[in-house]
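Below is one structure; the comments refer to it alone.
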Amino acid sequence: PAVFASSCGGGDADALYAFMVPADGQVTVDTTGSFFDTVLSVYEGCGAGAVEVACDDDAVGTTTSEVRFNAVAGRVYLVAVEGFRAATGAFSVTLSQ
């Protein structure tokens, strides 16, 4: 199995992005503006020991995805963007805290 296969759909991650937040608090990540049916998941940590902290396929009324979770400053998080049923195409990822 893939290391970053989300629990809510998709397959192998098409793209991975690493980030850390400057302060503890809620983070929102979305794929609004993407041109295919996305699956979005966030993991804490890297590699095989990473733990999924949020996952979404199809935000309300769309085929793009959005997750919200509480992040801790100084921890590494990975955002994985996948295509539902192996869909591919141009995508956008927005992260805000």
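The values are calculated or read from the model by the stated rules, or taken from the named source; none is laboratory data. What you see is a predicted model, and the numbers here were worked out from it, not measured in a lab. We work out accessible area using only protein heavy atoms, side chains counted, and drop any ligands, DNA or RNA first. Shrake-Rupley method; radii C 1.70, N 1.55, O 1.52, S 1.80 Å.
If the viscosity is 0.890 mPa s and the temperature 25 °C, what translational diffusion coefficient in µm²/s does Stokes-Einstein give for the chain when Rh comes from Kirkwood over Cα pairs?
Value of D from the Cα-based Kirkwood radius: 187 µm²/s.
As a test of reading the structure, rank Cys46, Cys55 by solvent-accessible area (1.4 Å probe, protein chains only), most first. Before the final figure, lay out each step's value.
On the way: Cys46 85, Cys55 40 Å².
Output order, biggest surface exposure first: Cys46, Cys55.
Please report, to two decimal places, log10 I(q)/I(0) for segment 54-97 at q = 0.19 Å⁻¹ as given by the Debye formula with identical point scatterers on the Cα atoms and no solvent.
-0.71
Can you compute 3J(HN,Hα) from phi for each residue in segment 44-57, using the Karplus curve 6.51 cos²θ - 1.76 cosθ + 1.60 with θ = phi - 60°, rounded to whole Hz and x for Gly and Pro?
9, x, 10, x, 5, x, 5, 10, 5, 10, 7, 7, 8, 10
Sort Arg75, Arg85 by heavy-atom solvent-accessible area, probe 1.4 angstrom, most to least.
Details: Arg75 105, Arg85 200 Å².
Correct descending sequence by accessible area is Arg85, Arg75.
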